[in-house]
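Worksheet: one structure, shown below.
Only the coordinates and a few stated rules stand behind these numbers; no lab work does. Everything quoted here is computed from the prediction, not taken from an experiment. With ideal geometry, Cβ positions are generated from the backbone for all residues, glycine too; neighbour counts draw on all protein chains shown.
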Amino acid sequence: MSHIVSLIPGDGIGPEVVAATRKIIDASGIKIEWEEVQAGASVFKKGVPSGVPEETIRSIARTRCVLKGPLETPVGFGEKSANVTLRKLFETFANIRPVREFPGVSTPFSGRNLDIVVVRENVEDLYAGIEHMQTPGVAQCLKLISHKGCEKVIRTGFELARSEGRKSVHCATKANIMKLTEGMMKRVFEQVAREYADIRAEHIIIDNCAHQMVKKPEQFEVIITTNMNGDILSDLSSGLIGGLGFAPSANIGSGIAIFEAVHGSAPKYAGQDVANPTAVLLSGVLMLRYLGEIETARMIENAVLATIEEKRTVTKDIPGVQNPVGTRAYAEAVIANFGRKPSRLEARDYRPLRIPPLPQGAVTVKTDSRRTIGCDIFLESAHSPAELGNLLETLAPAYGFKLKMISNRGTQVFPDRGAQTDCVDHWRCRHLSTGDFPKAEALGAYLSALEANGLRWMHIEKLEEINGSPGYTKAQGED
Ligand code: NAP
């Protein structure tokens, strides 16, 4: 059976490691029709601001399967990441990042049989990249986490554990601090875990998880986590088994998947035939499994493991190598090793990952009760906390509000709690409504009154009680 795959060579070392992977997969005898399309730096240079041209989008929409090289992202101001754009355009909600000890690759963790998969939420969280300058000196990034997004990645993690015969799944969050956003991941994890009684489910705080991964990484099998935590944790897990050159990944959506290395375009090695193609190659192995080509995937994975264990024809980043070879020669060696197995740690006995139907469309979480009790108004002002507080206490009652408190970057500064907060010109002013929450017109009148008093507002957040519980968190020091 023949498969059609969109192939994105990528930037930096991308074209070399992708070409090596393509050569190995083609040599395996499997029939893949590669549709080569572009994204990343070359596309930015042509003046396409997203870095992803229409023909690439059309190709992926048709093939529903992508193997891609790394894409460069401008840092700081400038264009968005073409990687993140691809993940978001095709709603690849889960990023699966497996790492496994390689025979012959000596690390401080060798001999502990590490075999960990980080399952990272892939489209939400801070990486949605919804950022605004609040004042010229204060920037904001919105951390949006949805029940649906959590459920999709959590179910994927549990199904992955089952398909690989794993016994435990951890969920790593910062729910102790971000109780509503990170807490959402924890709460949905605990709900979904009840349906997977055959798998031990445990929650762990993300910073302790990072600590435990270095101290006792063999305790982990599958770690499900939010987007940014997962990005960091999966680089850490790559480091445990020898580095980024070995870490593959799969971006999984509904009936669509994008396979790529965890590493980036390593520009300093571009065009030198020195980069290690293993990470992209193992991403290709994940792709073959996704396409149902389990035997070919196993053969290639075993050949890679045997080649690395032998250490005669490997790239220079592999620890302990005496006479390194280039990317191309390494690819030839893997092909020559088709049919061989490493002396230990063969390819796992995988079954295809089958994700059950997941919630689609605009799913709303049903509630028993919901009530707006006030709002946080975010203001820019050069006043002191006391000046601002006194002014708002005077103005608010005429518009149906009572000022509850003012915080500066999350710490209450009015009424004064005796804290020593080094304030900036960005204030969250918590107002409770004295009767029913004012209509939009009355709220607008209050905002106009604030402006007339030299206070510039940035945004408003409603304070909601959902099922009788506050749908907002308190400021530090707020009673
Ligand atoms: P990077 O490209 O991953 O490179 C960091 C270091 O990792 C390299 O200097 C090299 O380490 C090692 N390395 C990575 N891939 C290797 C390989 N195949 N073979 C051997 N060594 C390898 O990270 P970066 O320098 O932070 O990012 C460069 C660009 O890539 C940025 O524009 C970034 O935005 C982009 N990026 C893209 C993706 C993606 O497309 N998914 C992911 C991450 C980053 P040594 O210096 O120790 O030899």
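Computed quantities for the displayed model
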| quantity | calculated |
| --- | --- |
| Full-stretch length increase - GLN322, GLN476 - with 0.36 nm per residue and alpha-carbon distance subtracted | 49.8 nm |
| Neighbour-count order for ASP425, ASP376, ASP436, fewest beta carbons within 10 angstrom listed first | ASP436, ASP425, ASP376 |
| Length-normalised contact order of region 115-240 in % [C-alpha pairs under 8 Å, at least 6 apart] | 38 |
| Relative packing of peptides 220-232, 275-287, 321-333 - highest average C-beta neighbours within 10 Å first | 275-287, 220-232, 321-333 |
| Added length on full extension, which subtracts the Cα-Cα distance from 0.36 nm per residue, GLN212 to THR367 | 52.0 nm |
| Taking the chain and dividing mean pair separation by its residue count, relative contact order in percent (alpha carbons under 8 Å, at least six apart) | 16 |
| FRET efficiency, 1/(1 + (r/R0)^6) with R0 45 Å, evaluated for ILE256 and ALA382 via beta carbons | 0.35 |
| Over the chain: Kirkwood hydrodynamic radius from C-alpha pairwise inverse distances, Å | 24.8 |
| Computed E for SER42/GLN219 - FRET, C-beta separation, R0 35 angstrom, nearest 0.05 | 0.20 |
| Selected from ILE256, SER407, VAL365, residue furthest toward positive end of dipole (the chain; charges at beta carbon) | ILE256 |
| Near-label residues of region 312-330 by backbone N, under 11 Å of a point 7 Å along Cα→Cβ of SER106 | 319-322 |
| Stretch gain in nm, segment SER146-ALA445, where the contour uses 0.36 nm per residue and the Cα spacing is subtracted | 104.4 nm |
| Charge dipole magnitude, Cβ of K and R +1, D and E -1 - region 323-468, Cα centre, debye nearest 20 | 1120 |
| Local electrostatic count at GLU79 - Lys and Arg +1, Asp and Glu -1, tallied over other residues with Cβ under 15 Å | +1 |
| Student exercise, the chain dipole from Lys, Arg, Asp, Glu Cβ charges, in Debye to nearest 20 | 960 |
| Set LYS80/LYS462; LYS23/LYS68; LYS186/LYS215 screened for pairs whose C-alpha atoms are more than 19 Å apart | LYS80/LYS462; LYS186/LYS215 |
| R0 of 22 Å, Cβ-Cβ distance ASP198-TYR350: FRET efficiency to nearest 0.05 | 0.75 |
| Unit charges at the beta carbon, dipole of the chain: most positive-side option, ILE130, GLY271, LEU305 | LEU305 |
| Separation of alpha-carbon centers, region 43-106 and region 376-418, rounded to whole Å | 44 |
| Peptides 158-165, 91-98, 334-341, 185-192 ordered by average Cβ neighbours within 10 Å, highest first | 91-98, 185-192, 158-165, 334-341 |
| Relative packing of 31-39, 207-215, which averages over residues the other C-beta atoms within 10 Å, highest first | 31-39, 207-215 |
